[in-house]
Amino acid sequence: MAAKLIATSPFVGIAVFVSLIALVAFYYKPFSQQRLFTVEELALYNGTDQSLPILLGILGSVFDVTKGKSHYGEGGGYNHFSGRDASRAFVSGNFTGDGLTDSLRDLSSTQVKSVVEWRDFYFRSYTFVGKLVGRYYDSEGNPTKYLKGVAAKAARGAQLLEKQKNEEAKQPSCNSRWSQDEGGEVWCDEGVPRLVQRPLEIALTGKMSKRCACFKEDQLDQSGLEVYEGCDFLAKTCRV
């Protein structure tokens, strides 16, 4: 019956033919050899065709994530990553439209570092099957200037994180906790909580951001210290 249906439906026949071509193309080279994918080829492996493996790209590296089919297959929570390189979405959280792109433009160095760490996770956890020709690899499979730029920016992010760690170690951070019933609070074992701005250069987001730090009473005359709204000036615990 299935054979008759395929024979009488040119659309089904074409779909089966495309699937067979994709399947043969994928398995023609063993995993030990690098395969180069075009954007159109990678899109075939998005989990909608049950006869094909599921692939995703990140920073131009392509991985077989079929063993995570429940997540990356059709209807899975991570299916938006399948069949494409959506490097930016790994840190932006934008899984629709323009967010599903391989461009890291305007991301901070620490965000770029996070994308590189995601790629390293896939190298550790899944099978590397090839490279995506485009932004990060040329038609010969060689790294482009964009991939080299990512590596340099990620290294800068690592330096800034280390600098931030050292800077913040000089002024201890507050303790904190949060619950759905009671909300959040911050407190200090020694000193009192204050909001303090991180320097622009080492802010995790690439913009000014604040953290809670503990200051002794003789330090409270420093500029830039902010008392939590609704919290007494010398309170050791503040609701947030």
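The values are calculated or read from the model by the stated rules, or taken from the named source; none is laboratory data. This structure is a prediction, so every number in the text was calculated from the model and none was measured. All Cβ positions, even for glycine, are placed from backbone atoms using ideal geometry, and neighbour counts span all protein chains on display. When the accessible area is computed, the model is the full protein with side chains, heavy atoms only, and any ligands, DNA or RNA have been set aside. Shrake-Rupley method; radii C 1.70, N 1.55, O 1.52, S 1.80 Å.
On inspection, Phe81 qualifies as of a type in the set (Phe, Trp, Tyr), open to solvent by less than 40 Å² (accessible area, probe 1.4 Å) and either within 16 Å of the chain's Cα centre (by Cα) or assigned by the TED database to the domain that holds Ala213 (or both). Taken over the stretch 10-47, the criterion of being at pLDDT below 95, of a type in the set (Ser, Thr, Tyr) and surrounded by 13 or more Cβ atoms within 10 Å (Cβ to Cβ) is satisfied by Ser19 alone. Restricting the stretch 114-143 to residues that are touching a residue at least 12 places away in the same chain (Cβ under 8 Å), out of contact with any helix residue (DSSP H, G or I) (no Cβ under 7 Å at 6 or more places or on another chain) and of a type in the set (S, T, N, Q), which is surrounded by the fewest Cβ atoms within 10 Å (Cβ to Cβ)? That would be Ser139.
I'm checking my understanding of the structure. Among residues of the stretch 63-78 that are touching a Phe, Trp or Tyr at 6+ places or on another chain (Cβ under 9 Å) and open to solvent by less than 80 Å² (accessible area, probe 1.4 Å), which one is nearest to Gln50 (Cα to Cα)?
Filtering first and then ranking leaves Thr66.
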